[in-house]
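> Below: one structure in structure tokens.
Derivation of every value follows stated rules applied to the coordinates shown; laboratory data play no part. Predicted model only: the values in this text are computed from it and were never measured. Note: ideal-geometry Cβ built from the backbone for every residue, glycine included; neighbour counts use all protein chains shown.
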Amino acid sequence: MKTVVGLVASVLFAFSMPSAAMEALSSTSMDAPKSYKIEVLQVTDIAPYQESLNGFLKTLKEAGIVQGENLVVNRVKIDFDIENGGFWDRMSLLRRIKDEAERITISRPDLVLTIGTPATKYARRAFEIARIPAVFTAVANPMDAGASSLVDGGPGMTGSTLHVEMNDSLKIVRDIFPTVTRVGMVHTDDDNGVNHVEAVRANAERFGIAVTSKQVNKQDHIVPALKEMYIDGKGVQMFGVPLDTYYGMRNYEPTRDLSDFAIERKIPVTSFALVPVPGAMLYVGAEFATVGSLAGMQAVKILKYQKKADVLPVLRQETPTVLLDPKRVADLKVNLSAGVLERKTQRTDGFWEIAVNAK
């Protein structure tokens, strides 16, 4: 009987409490919106990296994770002189990446975004040890950044890659330029550049295309290598531009010189990356903003649904974006097939986007 009386008294006491006291137990206050903190780490500050970050943040915003509202982003851009960086400068860069990674682990963010191969490759171990989920983007080949495969980001990490099957890219080149059989490519010791050229070479033979390549130092001018491959019209019929930092140096001097050399000799230029290449007629590759958005999709799964990073596969843009510069087409007097012209769409930036033929 005492137990029943006590229970009744407790219930009556609860209902007699002021409403303010009861509000502390409401579901609204118990389910308060969560705030997030993301650290962003990259080496060098280039426009494509910004496009990647924009795509990443746009996807988070669409999922209700909004910078300035419930998201705090701290971004670190490590400066590095790519053109003049020697061995000791590279060692210094490695140390700076690891120092930043250590700082990040101490700050305990909800997630880390690494942009580009160097930041991903040399910082990932620190995040793995600290059990901080990490996502990468703007990486040409995940395995060059320490991933287990093209689809497995490795311990504690997932992300998105710029990787496009070179077989698909060369199929597009053959579709646009059916008579081209000899392609020349200039690259440096940039990991992405070397791997990109080798990927072109490995896949080109099945399309009846021979690839000639020349490696230059980052300080070298491009024209001597172009002349050596062109051989007064007896050599290559097209120049291909790999994903190599060399082409963005000295205010895009190598690409501008390539453009001038090619236009004087009526040679088309194909860029195997969607980066600014003055003078390129054809662009085939993954868009940085799209790839950044894919990284954002994986980040949402980690932040909102508590997925483990290494459970999630590495994502990529399955179908490459294909762009043609109509001015360059006119300048070189290139006759495009009716099939190509039927698939073109005019973009606001002046380029034609060509729908990829699934056949």
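> In whole percent, what relative contact order does the chain give with Cα contacts below 8 Å and a gap of six or more residues?
After rounding, I find 18 percent.
> Please list 67-77, 216-226, 149-159 highest first by mean number of surrounding beta-carbon atoms within 10 Å per residue.
My ranking of the peptides, most packed first, is 149-159, 216-226, 67-77.
> Next question, about the same structure. Explain nothing, just compute: Karplus ³J(HN,Hα) = 6.51 cos²θ - 1.76 cosθ + 1.60, θ = phi - 60°, for every residue of segment 308-321 in order, whole Hz, x for Gly and Pro.
7, 4, 6, 7, 8, x, 6, 9, 8, 6, 5, 10, x, 7
> State, as an integer percentage, the relative contact order of segment 245-284 based on alpha-carbon contacts under 8 Å between residues 6 or more apart.
Worked out over segment 245-284, it gives 35 percent.
> Among 111-117, 334-340, how do they line up by average Cβ neighbours within 10 Å per residue, starting with the highest?
Order by mean packing, descending: 111-117, 334-340.
> Among the lysines, select those whose C-alpha is under 19 Å from the C-alpha of Lys344, and discard any that sit fewer than 8 residues away in the same chain.
Reachable lysines: Lys171, Lys327, Lys333, Lys359.
> List the residues whose amide H sits under 5 Å from the amide H of Leu274, counting only those 5 or more places along or on another chain, with H placed 1.01 Å from N in the peptide plane.
Ala286
> Rounded to whole Hz and in sequence order, give me ³J(HN,Hα) for segment 299-304 from the Karplus expression 6.51 cos²θ - 1.76 cosθ + 1.60, θ = phi - 60°, writing x for Gly and Pro.
Ordered by residue, 3J(HN,Hα) equals 5, 4, 4, 6, 6, 8 Hz.
> How high is the relative contact order of segment 107-266, in percent, counting Cα pairs under 8 Å that sit 6 or more residues apart?
Normalised by residue count, the contact order of segment 107-266 is 18 percent.
> Answer with a single label: of (1) 0.97; (2) 1.15; (3) 1.00, which was calculated as Rg/Rh (Cα atoms, Kirkwood Rh) from the structure in view?
Label of the calculated value: (2).
> List, in the order given, every pair from Lys58/Lys301; Lys234/Lys266; Lys37/Lys77; Lys34/Lys61; Lys34/Lys58; Lys37/Lys121 whose Cα-Cα distance in the structure shown is over 20 Å.
Result: Lys37/Lys121 exceed 20 Å.
> What are the residues whose amide H is under 5 Å from the amide H of Ala210, where those residues sit 5 or more places off or on another chain and H is modelled from the backbone?
For Ala210, the qualifying residues are Arg182, Val183.
> Let me ask something else. Collect residues whose amide H, placed 1.01 Å from N in the peptide plane, falls under 5 Å from the amide H of Val66; neighbours closer than 5 in sequence don't count.
When sequence neighbours closer than 5 places are left aside, the close amide H contacts are Leu71.
> Same structure, new question: So what's the angle, to the nearest 10 degrees on a 0 to 90 scale, between helix 87-107 and the longest Cα principal axis of the chain?
So the helix axis and the longest Cα principal axis differ by about 20 degrees.
> Could you tell me how many degrees, from 0 to 90 and to the nearest 10, lie between the Cα long axis of helix 191-204 and the main elongation axis, the longest principal axis, of the Cα atoms of the chain?
60
> Same structure, new question: In whole Hz and in residue order, list the ³J(HN,Hα) couplings for segment 168-173 that follow from phi through the Karplus curve 6.51 cos²θ - 1.76 cosθ + 1.60, θ = phi - 60°; x for Gly and Pro.
3J(HN,Hα) across segment 168-173, in whole Hz: 5, 5, 6, 4, 5, 4.
> Rounded to the nearest 20 Debye, what is the dipole magnitude of the chain about its Cα centre when Lys and Arg each give +1 and Asp and Glu each give -1 at the C-beta?
Roughly 640 debye, rounded to the nearest 20.
> Cα centroid distance between segment 237-272 and segment 193-234, in Å?
Result: 11 Å between the Cα centres.
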